[in-house]
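In what follows, a structure is listed as structure tokens, so that the remarks can point back to it.
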Amino acid sequence: MKALKFMISGGLLILLGPIMASIDNWFSEFMLFCWIVGVPLFLIGLLMPEDGNLKVEQSDELPQKKCPSCGKSHDFDYPACPHCGHDYQAKPVR
């Protein structure tokens, strides 16, 4: 329903601009305003999902990373691999 409201209001502004501009030359600024506001409103309504809510799916799982020593995956926030003990914060020896 929200999408339809956006499309209708944007479409009315798009149509109203040239009609008002044809009445008097002063309305050319009004026509520009109608196009600048009406086109984005219409596009928002066109691209909005059916229920009108933009949902962002979030996962409760932490991101995983793969240990370079043993190759097993574990939570990204571990300072060391829980499987082999590889320390990610240790500086490599040259």
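When you scan region 67-77, do you find a residue that is charged (D, E, K, R), modelled with pLDDT under 80 and over 30 Å from Pro18 (Cβ atoms), even just one? No: region 67-77 contains no residue that is charged (D, E, K, R), modelled with pLDDT under 80 and over 30 Å from Pro18 (Cβ atoms).
Within region 73-87, residues that are farther than 11 Å from Leu62 by Cα sit with their Cβ atoms under 9 Å from residues that are among the basic types (Lys, Arg), at 6+ positions apart or across chains, in these pairs: Ser73/Lys65; Ser73/Lys66; Cys81/Lys72; Pro82/Lys72; His83/Lys72; Cys84/Lys72.
The values are calculated or read from the model by the stated rules, or taken from the named source; none is laboratory data. Note that the structure is a prediction, hence the values are computed from the model and not measured. Cβ coordinates were reconstructed from backbone atoms using ideal geometry, including for glycine residues, and neighbour counts include every protein chain displayed.
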